[in-house]
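Worksheet: the structure to be examined is printed underneath.
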Amino acid sequence: MSSDSSPAAGGGIDVTYVARLARLELSPEEAALYQRQLDNVLEHVALLQNLDVSGVAPTAQVVPLTNVLREDEYRPSLDRSQALAGAPSREGAYFAVPQIMEEQA
Amino acid sequence: MIERSATEIAAAVNGRQASAVEVLDAQLAQVERVEPSIGAFLSATADLARRQALLVDEAVAAGRRLPLAGVPLAVKDNMCLSGTVTTAGSRILEHWVAPYTATAVQRLLDAGCVPVGKANLDEFAMGSSCENSALGVTRNPWDLRRVPGGSSGGSVAAVAAREAALATASDTGGSIREPAAFCGVVGMKPTYGRVSRYGLIAFASSLDQIGPIARTVEDAAAMYDVMAGHDPMDATSLPRPVEPTATALRGDLRGVRVGLVREFDTKGLGQEIDALYRRAYEKLAALGAEVVEVALPHAEYGLATYYLIAPAEASSNLARFDGVRYGLRVEGANVQEMYAKTRAAGFGPEVKRRILIGTYALSSGYYDAYYVRAQKARTLMAADFEQAFAQCDLIACPAASSAAFEFGAKGDDPVAMYLMDFYTIPMSLAGVPALSVPCGFVRDGESELPMGLQLVAPLYQEARLFAAAHAYEQATRFTLDRAPASLEGVR
Amino acid sequence: MTTMVEQAYEAVIGIECHVELKTNSKMFCGCRNEFGGEPNRHLCPVCLGLPGALPVPNRVAIEHVVRAGLALDAAIPAHSKFDRKNYFYPDMPKDYQISQFDMPLVSGGVVRFRRADGSEGSCRLTRIHLEEDTGKSSHMGSRDGRIAGSTRSLVDFNRAGVPLMEVVAEPDLRTPEDAVAFLEYLRLTFLYLDISDVKMEEGSLRCDANVSIRKPGEPFGTKAEIKNMNSFRSVYRALQYEIERQRRVLAEGGRIVQETRGWDEVEGVTHSMRSKEQAHDYRYFPDPDLVPLALDAAWVQELRSTVGFTPIAAYDRLQRDYRLSPAQIRQIVDDPDLARFLSATIEGGAAASGEGIAAYAQAVANWLLGDVSRILNERGISIAGQDRLTPAALGELAELSIGGAVTSKTAKELLEHVMSEGGSPKEIVVREGLAQLSDPTAVAAIVDEVLAANAKSVADFKAGKENALKALVGQVMKTSKGKANPQMAERLLRDRLTGS
């Protein structure tokens, strides 16, 4: 999926960048605070790098199940009024959102 | 009435010695008396409770027997209950009304439970003290200056304070067991997949499980029996039939091998706590158990593993809270800005921290080193349990490293709080069932604070787990005949 | 002046398609999978992304994708899974899409196609995977309904959660013509399997293309991704334009920028969509709410047995064994129901082979594309939507007409009758005594009778009027109550009249 970059080399979490990925607006103070706190957490997490995991498969499933599927059958939906009930902003039968600036940023 | 166990209440209602409405009235009176100091609930569900109580009475009058007839129930507020405000303890869902009911909760309603209110929790179940709730403060009934534990703080406080006979709770890294220990009640986390997660607001999908909170093991077992079982709405729910546990309880531990985990030695926890657990293990032996030493060699990696996997899954599960379809919205000049402002305003600091670290652990360049590596460590930990259970039938260890601490005691350092999960995380990672049962008290100042013994069973062995816990509980009765200090004088 | 430079480049085209699958319910929940209708009508906690909801996969959707792979000679792995693709967008109910990353349901495969001139081409596939579709946003406030200049967007989540098949092709295509032929055969294959309506105008088939140019033998050039092509014609025009645009850029000494470009149907150009240079970090990880898929041999074999023949296999057979004309082949291949009907008719027909089968097949095809289609059109029904005419019946009709057992006029009447009432043409012929009179002695007798009774026509013919022969043939038909073989009658008349 992505190349294995050792977290030990070249700096840990860039809170500002990750916050953007996660759509969390942070004030500069928050960013600094979280940077500090998360660097600390990652220090503790670094312990994992010492563990020998060669030949170990990642846990795909806690209990072994496969092929849990459902039949292609209709099941009653929510009323439209229920579906739209929580909408912070709606126009008629639609959910309304502010302008979309970029193509899937 | 409010002192009765769920089993007793159900028997009385089914036997027509009391009506569900009477039980509810008594319960609501207690809530009114006690809530101002305890703060277990974020919202009351009085109308729903009354309707449900009437239905139960009708059913009983028509000749039906319901397993939990009339039993007052607190529902942790990360579980959907149709028509009720369901907040997950967060501002981002502060006013959201759930249009459907979680399967586990529905099964309890169908069994006759009467929902008294939605119980407080750490926001999105992230926390070990309930201090991370954005919407309310819950106090430990044994000492109001102390936390009830978390994340299921409201659930355990409600049951301990006799505001409900049963409560639903959820456990991801210890969120049932640790608060149960802090509040002197029984709390159990089933095998992963035993209880449907449909309708449980997700924190970490591969770890979350719903479990019972009760004042007795028998009650917890009865509640588990009702909730457990396959649900077609949850693809991770086990198709295995559920062996009944409430009817398989035992009075002793003859023939049971109990494993004490080398890595969980209690010497480092202080003299009083160390002695308390020694006595607990001796009691198990006195009940007939053969006590052996086992090892969980990778236990020390539990926290690191958990605090990568859980936040990673959470960062994805919480992405849906974006101000588009429900919940809080803070306007922005464009939609991406709206997302960022909404989530900034709606999520508390601990939730943000976990989203950040979880996003990081999944991000390009770090996925293999963090998330994948943690999942490999998890495999090793699950194997540890398998090997340990080759030598014993149950594991006994602490449910928490201390008794309940005071509000603010863990300061600003998230890691200090994370360490509370040390004893409970490995079981979550391996998916094995575990519970906490009261095992004594320690003194801190003028307070006597409960502590919990954690019992762990192999996958699918919930019956064995409850049976042993019941034997221990009946032989010790630490909280069965004793109510929390704060309730004295409030009768 | 630039001709030599232009000719030096070849285009490299890689197509990617999204296909909405035909199922009763959505991919991960039981809401209806239905096109059109009122907005936000088919929603539940799962496809609306409500807190606490969980996905459960639709078995039929998975089987559709596996069958698609089998029909396209792809490999079906023993294990597959679903992964989460994380990104924020208003039409995404969970702000992640359940998709497949590194273990898709189908790997490899090849689409063989026929060009308009009948020549063969092919394009390999990289993979096919299964995912859920997003909702749809309409952009308000801009002149043309596009995002640019809009003030807000309205979202309809009906489509969210519909099962979506993503087909990724290798960049084997070299011309816009081939790209369209590829798409036609891909589309037809899915139509034959009945796994999708594949209508670009309804959005059940959507295509993007990666286009680059290079001098033959050199490595691939920088590619541009072309989006917003809403029909096969658009695809053709857009690719043509883009290839030419890239040639011009290079000829003028410029560089091709890796970017996304939108096709503008009205202006006939591609516009840069000016998206960020940096790629999305989708943070793929296995979806912990779902368990892995094990595609065992028995299941795959069962699905293989339901695949039937593909359009390209049909084309090959129609050309090689049945020797139909290219125009006829295209007409038949284009319509899976017609192709199946033809196939059933021929398979179920008389045990003929070699020359025999070709003649038989041609007769069947002629009937099918001629009178049968005409009658179906007149009645506004499709071949699959009626049960009067069966393949067996059509086969009998073809045999009767090849062998001359009935006149062509009688055959047409038989067809009309059977398409209204059903039944077996052969039985009707026997029952009604409709057999054509082809015994030369008997026909000759009638011919002599007619000649004797029509001296004027005889004289007219001998005087040079060809029409008189037609009149005499008519008389033979009348006397024989329409049963005489008209060709034989005409020949015998002509022989006697010309004294040979």
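The values are calculated or read from the model by the stated rules, or taken from the named source; none is laboratory data. Since the model is a prediction, treat every value here as computed from it, not as a measurement. Using ideal geometry, Cβ is built from the backbone for each residue, glycine included, and neighbour counts are taken over all protein chains shown. These accessible areas exclude ligands, DNA and RNA; they are computed on the full protein's heavy atoms, side chains included. Shrake-Rupley method; radii C 1.70, N 1.55, O 1.52, S 1.80 Å.
Within segment C:146-174, the set of residues being open to solvent by less than 50 Å² (accessible area, probe 1.4 Å), in a loop (DSSP other than H, G, I, E, B) and more than 17 Å from C:Cys17 (Cα to Cα) comprises C:Ile147, C:Ser150, C:Phe157, C:Asn158, C:Ala160, C:Gly161. Just wondering, is there one or more residues in segment B:305-322 that are open to solvent by 10 Å² or more (accessible area, probe 1.4 Å), within 10 Å of another protein chain (Cβ to nearest Cβ) and in contact with a Ser or Thr (Cβ under 7 Å, 6 or more places away or on another chain)? Scanning segment B:305-322 turns up at least one residue that is open to solvent by 10 Å² or more (accessible area, probe 1.4 Å), within 10 Å of another protein chain (Cβ to nearest Cβ) and in contact with a Ser or Thr (Cβ under 7 Å, 6 or more places away or on another chain). Of the residues making up segment C:302-316, not a single one is facing another protein chain (nearest Cβ under 9 Å), closer than 30 Å to C:Lys81 by Cα and either touching a Phe, Trp or Tyr at 6+ places or on another chain (Cβ under 7 Å) or modelled with pLDDT under 95 (or both).
Scanning segment C:117-145 for residues that are surrounded by 19 or more Cβ atoms within 10 Å (Cβ to Cβ) and of a type outside the set (D, E, K, R) turns up C:Cys123, C:Leu125, C:Ile128, C:His129, C:Leu130, C:Thr134, C:Gly135, C:Ser137.
Out of curiosity, is B:Glu218 surrounded by fewer than 24 Cβ atoms within 10 Å (Cβ to Cβ), away from every other protein chain (no Cβ under 11 Å) and not in a loop (DSSP other than H, G, I, E, B)? Spelling it out, B:Glu218 is indeed surrounded by fewer than 24 Cβ atoms within 10 Å (Cβ to Cβ), away from every other protein chain (no Cβ under 11 Å) and not in a loop (DSSP other than H, G, I, E, B).
Select, from B:Val415, B:Val442, the only residue that is touching a helix residue (DSSP H, G or I) at 6+ places or on another chain (Cβ under 7 Å), surrounded by fewer than 19 Cβ atoms within 10 Å (Cβ to Cβ) and in a strand (DSSP E or B).
Numbers: B:Val415 fails: in a strand (DSSP E or B).
Going through B:Val415, B:Val442 in turn, just one is touching a helix residue (DSSP H, G or I) at 6+ places or on another chain (Cβ under 7 Å), surrounded by fewer than 19 Cβ atoms within 10 Å (Cβ to Cβ) and in a strand (DSSP E or B): B:Val442.
Could you tell me whether segment B:266-275 includes any residue that is at pLDDT 95 or above, touching a Ser or Thr at 6+ places or on another chain (Cβ under 6 Å) and surrounded by fewer than 20 Cβ atoms within 10 Å (Cβ to Cβ)? There is at least one residue in segment B:266-275 that is at pLDDT 95 or above, touching a Ser or Thr at 6+ places or on another chain (Cβ under 6 Å) and surrounded by fewer than 20 Cβ atoms within 10 Å (Cβ to Cβ). Of all the criteria given as (1) surrounded by 22 or more Cβ atoms within 10 Å (Cβ to Cβ); (2) within 30 Å of B:Tyr339 (Cβ to Cβ), the one not satisfied by B:Pro99 is (1).
Listed here are the residues, each with its yes/no results for (1) open to solvent by less than 20 Å² (accessible area, probe 1.4 Å); (2) more than 9 Å from chain B (Cβ to nearest Cβ).
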residue: C:Gly36; (1), (2): no, yes
residue: C:Pro39; (1), (2): no, yes
residue: C:Ala71; (1), (2): yes, yes
residue: C:Phe88; (1), (2): yes, no
residue: C:Ile98; (1), (2): yes, yes
residue: C:Leu105; (1), (2): yes, yes
residue: C:Val110; (1), (2): no, yes
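Filtered by the rule that a residue be assigned to a loop (DSSP other than H, G, I, E, B), open to solvent by 30 Å² or more (accessible area, probe 1.4 Å) and not polar (S, T, N, Q), segment A:63-85 gives A:Pro64, A:Val68, A:Leu69, A:Glu71, A:Glu73, A:Tyr74, A:Arg75, A:Pro76, A:Asp79.
Within segment C:82-98, the set of residues being of a type outside the set (A, V, I, L, M) and in contact (Cβ under 8 Å) with a residue 40 or more places away in the chain comprises C:Phe82, C:Asp83, C:Arg84, C:Lys85, C:Asn86, C:Tyr87, C:Tyr89, C:Pro90, C:Asp91, C:Pro93, C:Lys94, C:Asp95.
In segment B:363-372, of all residues being within 7 Å of chain A (Cβ to nearest Cβ), closer than 14 Å to C:Pro286 by Cα and part of a helix (DSSP H, G or I), the one that is least open to solvent (accessible area, probe 1.4 Å) corresponds to B:Val372.
So B:Leu42 clears everything in (1) more than 17 Å from the chain's Cα centre (by Cα); (2) outside any loop (DSSP other than H, G, I, E, B); (3) within 23 Å of B:Ala345 (Cα to Cα) except one condition, right? Which one? Failed condition: (1).
Only one of the numbered conditions (1) in a strand (DSSP E or B); (2) without any contact (Cβ under 8 Å) to a residue 40 or more places away in the chain; (3) under 24 Å from the mean Cα position of the chain (by Cα) is not met by C:Cys17, and that is (2). Where helices (runs of 4 or more DSSP H) sit wholly within segment C:365-461, those with at least 1 residues that are crowded, with 20+ Cβ neighbours inside 10 Å occupy C:391-402, C:408-421, C:425-432, C:440-453.
One residue stands out among those in segment B:335-347 that are of a type outside the set (Phe, Trp, Tyr), free of Cβ contacts under 8 Å to residues at least 40 places away in the same chain and facing chain A (nearest Cβ under 7 Å): the one that is surrounded by the fewest Cβ atoms within 10 Å (Cβ to Cβ), which is B:Ala344. Only one entry of B:Leu144, B:Leu121, B:Leu109, B:Leu93 meets the criterion of being outside the structural domain of B:Leu328 (by TED's automatic domain parsing) and farther than 25 Å from B:Leu435 by Cα, and that entry is B:Leu93. Among the candidates B:Gly327, B:Gly332, the residue that is open to solvent by 10 Å² or more (accessible area, probe 1.4 Å), without any contact (Cβ under 8 Å) to a residue 12 or more places away in the chain, in a loop (DSSP other than H, G, I, E, B) and of a type outside the set (Ser, Thr, Tyr) is uniquely B:Gly332.
Screening A:Met101 with (1) in contact with a Pro (Cβ under 9 Å, 6 or more places away or on another chain); (2) at the interface with another protein chain (Cβ under 7 Å from one of its Cβ atoms); (3) aliphatic (A, V, I, L, M) gives one miss only, at (1). Within segment B:423-439, which residues are in a loop (DSSP other than H, G, I, E, B) and small (Gly, Ala, Ser)? Within segment B:423-439, just B:Gly431 meets the criteria.
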